[in-house]
Each structure stands twice: as C-alpha cells, then as structure tokens.
1. Could you grab me the full set of residues in the range 283-324 that are among the aliphatic types (A, V, I, L, M) and either touching a Gly at 6+ places or on another chain (Cβ under 7 Å) or surrounded by 18 or more Cβ atoms within 10 Å (Cβ to Cβ) (or both)?
2. Can you tell me how many residues in the range 478-502 are part of a helix (DSSP H, G or I) and of a type in the set (Lys, Arg)?
3. Quickly run through the range 241-269 and pick out the residues that are within 21 Å of the chain's Cα centre (by Cα) and in contact (Cβ under 8 Å) with a residue 60 or more places away in the chain.
4. Can you report the number of residues in the range 566-597 which are in contact with a Cys (Cβ under 8 Å, 6 or more places away or on another chain) and either at pLDDT below 90 or closer than 14 Å to SER365 by Cβ (or both)?
5. Given the criterion more than 29 Å from VAL375 (Cβ to Cβ), under 19 Å from the mean Cα position of the chain (by Cα) and not aromatic (Phe, Trp, Tyr), identify the matching residue among LEU277, LEU272, LEU282.
6. Checking the conditions here, which among SER497, SER502, SER482 is in contact with an Asp or Glu (Cβ under 9 Å, 6 or more places away or on another chain) and modelled with pLDDT under 90?
7. Would you mind telling me which numbered condition in (1) in a helix (DSSP H, G or I); (2) in contact with a Leu (Cβ under 9 Å, 6 or more places away or on another chain); (3) in contact (Cβ under 8 Å) with a residue 12 or more places away in the chain LYS475 fails?
8. Restricting to the range 246-266, give me the number of residues that are open to solvent by 10 Å² or more (accessible area, probe 1.4 Å) and assigned to a helix (DSSP H, G or I).
Amino acid sequence: MALESNQKQKSLAEIKKIIENQRCPDEMCQVKSLVDILKKDLEFYLACKLLNLARDKQRTLRQQQESVSTKEWWQEEAAQDEVWNVQQLAFCTYKDKELPPRKRLDQATILLEEIGLRSPENVDAETLSLGGAVYKRKWQEFGQLEDLHESLSFYRAAFERNCRQDMGYGGANAAFILDLLANRAHIIARRNGTSLDEAQHLQKQANDLRQQMAEQIPAWLTETNDATAENQFWPQVTLAEVHFGLQNYEKAGEWLTKADVIHADNWKQKTLFTQLLHIARLQGIAIPKELNHVSDWHPAWKTLSLIVGEEYARRAILSKWGKVGLALSGGGFRASFFHLGVMARLAEMDALRCVEALSTVSGGSIVGAHYYLEVQKCLQTKTDNEITREDYIEIVRRAQERFLEGVQKNIKMKTFASLRDNLNVFFGKNYSRSHRLGEFYESELYQKVADGHANDTPRTMPELLIEPKGEPDSKSFKPKFSNWLRQAKVPVMVLNSTSLNSGHNWQFTACSMGEPPSSISGEIDNNERYRQLRYEDAPTKDLQNYRLGHAVAASACVPGLFEPLTIAGLYKERTLRLVDGGVHDNQGIAGLLDEGCTRILCSDACGQMGDEANPSDAPPSVLMRASSILQDRVREAQHQDLRSRLDNRALDVCFLCTLGKSWKQPHWTGSIVRTHNHWQARKTA
C-alpha cells in the first residue's frame, strides 16, 4: 500500500511539472494515460490544465496540417482526438469542486455544445450522455425541475440515436429519471386527489425502455469484438440495473454475478449499490427495522447482497437512503444548550448514527466541536458492529454534563483575568482576545473529553481526522467513499466563519481551511476568493497545525463584541480577518449542501424576529433592528430555497427545529417533530 501511494505521488509530481513547464506530451496516448491517473485520484483541476494544454497543441497541429496535403485517416484520427479531449475536459470541469457549481456546470455545457451537444444530427452517445450527466448535476445542485427534464432528453437521445455505442448507459439513466418523475407525479396526484394517469404514463415509458434494453444488450455483448472483463463490466451491471428496475430481481442477480461485482473497486460497488437502493425506494419497498437471516429478506435486498456480501449489505440497507447532515446554528451559549437538547432527542431516535456531515456556526461550533471529539473517541475505540444507539445517548449525556461544567467557569471573563495575557493581546501583532478565548475553549471544555489527549497540549485541526477502529486501512479512511458500508457513520465537521476580506463563507475542516466555491457566483460576485488549502500545504508549522480552539473562536467571534480573528501568512501579501459565521449563514445549512447532503437536519436556535409595535428611532436601535431584518430575510430566503429543492425532489428530507416552532416538509416520514418546550426540558436534563 505504501509503495502504491509513493508511486501515485511520483506520478502526480511529474504531471505537475509538465503543466508548470507548459510542455504537453507529443502522443495522445500519453495524454490519455496521464488523464486517467488524475481522474482516479480525483485531481480534476490538474486534469483540466493538462487537457487544455493538449487542446492548444492539437489546434496548432491542425493549423499546420491544413496548409499541406494530409491523408484522410490522419484527419479523421485527429478529429476523434479533439472530440475525446473536449469530452474529457467537460467531464473534469463539471467534476472540479474548485469552481463554483454554476460556473463549472455552465462551462461544461458550453464545451459540449462545441462538439454538437444540441445538434439533432449528433449521434455520439458519449457527448449526449455527458450532457445528461451535467444537467442531472444541475438539478441536484439547484433543484430546478427543468434541468431534470433536459437531462432526460440527452440521456434518451444517447440511447435512441446510437444504442450500440451507448450500450444502455444513457437508456438506464433515462429510465431512472422517468422513475423520479413518475414518483413525483404520483405524490402530487395522491395529495390533490387527481388522476394517476400521468404517473402511470411516465412509469410505462421507463419500463418499456428497460424492456427494450433487456432484449437488445445481451445480443450486442455477444457480438462485440472486445470481450475483456473491463469492457464487459458496465454493460453487465447496466443489465442488472435494467432487470432490477423491472423487479426481475433473480435475473438482476445473475448479471451481477457475471460482472463479478463483489470483487470490483469500492467506488464501482458504491455507485451501483446506491443506484439500486434508490430504485428500490421508488418502487415503494420498505426497509424493515432489522434484517434477519438472508433467506427472509425481500428479493431486492438479496440482490443487493450480491454486490458487497450479506453483512455489509445489511449495514448499508439499514442505513437507509441519502446522506444525512446536521446543522447547529449560531446564538451563543444559549444556542449551545438548545442544540444539546435537540441532539439528545436525535440520539434517542438513533438518528445521530446516520449523520455524515456536521456543519456548525458560532455557539453551534462551540458545542459541536465538543460533541465531535466524543464521537471521534467512540469511533476509534469501538468497531462499527459494537456501536449502538446507547453509545450516542451516552455521548450526548456526557457532553451535557461536561459542557455545563466548563461554561459555569465563565470562560469569556477569564480572557480578561491574566495581566500577561492582556499584555500579549495588547502588544501581539496577530494575537487577539479571540485567540485567547479559543484557547480557553480547549482548556476548559475540550480537555474534559477523556480521549487520552495530554492536558495543556494544543488540539489541532488535522488531529480531528477519524481513524475508525476495525476498518482495513483506518489511517487513510475517507468518509465520502467508505461511509456507505457503515451503520455508525464517520462524520465530517465543518466549522463556519466569515471572511471580512471578501465577505465569503470561510470553512475549517480536519483536512483544509478556506472559502468554498459553492456560494460564490462569478456573475455578480467579483471579490477575490481565498481558495481552500490543505493544512500540509500551508507555509508555516503553526498554520499546518492550526488549533481547534482558534477555529472555533473564528466561528464564534461576534462582530463588535470580539475582535476579528487574524490569520497572517496563509496567502501572499494578505492578512485574513475572520468573524462570526452567522454573518454569512447563521443556520449552517450551506455547509451541508456543500457536502452533498440530501437529508437535512437543522437545530436553529437563533430565534425568530419579533414584531415591534413602536420601534425606536434612536440610531443604535435602528441599526440593531435593521441588522435583525437582514438576518431574518437571509433565513427566509434559505428556507424558500430548501422548500424548492424538496418540491423538486433534489432533497429527500429537511427538518428544522427552531426556538419558535418546528418546521417539517411532508417528505419526512418519521415522528421527529417536537415543540420548543420539549427541547427546553431536554437541554436541562
């Protein structure tokens, strides 16, 4: 494993040198090999750089050859290489998380249009399928139903115009989107008491498309000249998906066995398992509370067990669908105790085990970091099979007791108690009372977590990377790729702050710090973006080992009450100043959307703005009221965006528990709604 990692690092270093020197390999086969390496390592930004170099070289060669006579075969090969280049550039662009979502998806669309995406004569299934993938991602990002319909049209065209090249990839995706639209039409019809004709019509289209593929693809597989396992794999699993969609689970299992899916790469297993699980959901197959012996399972679950084995399938199925995220809002220590009450109820419902992302703001960050450390200790001392609902109930109970003990020591006043500390604040160039407050969070709150961390030793952000016990390679465990096989998920924590430099959201995670691209629109936002940097790439040791307490303080330093937290030297000729994350997004929901969560849980303790019968006209009161109105408007716009995503099925669930009331969309199937009084009782328990 170490040898493989070293080889990857060597290859990446060579590719970076090629890009830096602007010297693209002469042979396209070399370019294709290097692009494959970058795609496997998810280095889409570098892949785009390399592909642009290759594209420039292709243009130069074409111009040179146009002035001389050339053989037709060379011209045809060069044209094919150019199309391949644009296709790969579009793919890597829409996958590049360094770009804002709108920008990368629009750029990918423009690239595909250059090679005839919208042309009725275009029969290149690869181009058409990429168009479908881009518009499907647009729907997932922005929740616009029109994008889903456009995705359907491109996927369908890929199969209908060139079914032999498509081999069912576009057709299977088109059928799945028809399932989604049929499900949506069915829900609307049942809610309104209207006819189910539209839902039945869409479902019939999906089934007819699948039936056509089930009859045609096996013959094409027999006729193909390339019968290698790699080239047969995707058509075979496509057939498995086709039969699964037709509820012919036994036949689906036969194709999974032929494809030898159980020995496939993890990402391939995850892609297929997730897709089939989603189809089962749309078919209305209920997941039981427990899965007993495999012989008693529903045929759909038996089929899924052929992908990863019975035990792993049991865990993945019981984890249900979608990625669950929990947001803890701002609101000071009042919010912290409110969140403890919400989490106590979620623990009782065994919902905390499913949380894969924890996005926190201000008071939510103070308590969220404490909770995360307790979860980290649990995951690193117990295997997934050993962790139960009771463990999370106990985690929250300990957090309640120890957090209360720490807060009762009046942490904020301690920052003024030491003469030496006051002198350090006064004379320190980049050290403020906010830094000192963060250090007290560590010493008075986080050191109470009995995880073996030495007292008086700073806790750093890279130390928050969880190494779950019992995993084959726990030191390099990546939640994004391996959480799906666990019942007790390994959460990613996002501490949200706000940059005074650019006005953008600033995030601290265990891997990196910086401004995420998701909330930035190049059309109306021309401010500089401070790109996210991995800690190991930071220029100094202190920045490479950035303190947890300082990150929490950056998230919780309320403007006007605390000095901005300063970070110097991270970017050339820039001094960063960060303030409370609530200035940008007081609910922390944007952080969950960044992480791709489709089930949103939000503990919103910031309170709802009250009416004023006789508002004051004094300047300070007017300023405070105006600020409250602005915050309320941002919150309202965020709720409207969530409702739109839910209505268009881009989100599965959104549950908000607020100080004033609980708000729930009909898509939530549990009984989690509770009144404020219930949470109030919980937080003092």
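1. Across the range 283-324, the qualifying residues are LEU291, ALA300, LEU304, LEU306, ILE307, VAL308, ALA313, ALA316, ILE317, VAL324.
2. Adding up the residues that qualify gives 1.
3. As a first pass, look at the range 241-269 and keep what is within 21 Å of the chain's Cα centre (by Cα): 265-269.
If the condition is that a residue be within 21 Å of the chain's Cα centre (by Cα) and in contact (Cβ under 8 Å) with a residue 60 or more places away in the chain, then ASN266, TRP267 are the ones that fit.
4. Within the range 566-597, residues that are in contact with a Cys (Cβ under 8 Å, 6 or more places away or on another chain) and either at pLDDT below 90 or closer than 14 Å to SER365 by Cβ (or both) number 7.
5. None of the other options fit; the residue is LEU272.
6. Only one candidate passes the filter, namely SER482.
7. LYS475 satisfies every listed condition except (3).
8. 10
The values are calculated or read from the model by the stated rules, or taken from the named source; none is laboratory data. Keep in mind it's a predicted model, so treat the numbers as computed, not measured. Because the Cβ atoms are built from the backbone with ideal geometry, glycine has one as well, and the counts that use them run over all protein chains shown. Side chains included, ligands, DNA and RNA excluded: accessible areas come from the protein's heavy atoms. Shrake-Rupley method; radii C 1.70, N 1.55, O 1.52, S 1.80 Å.
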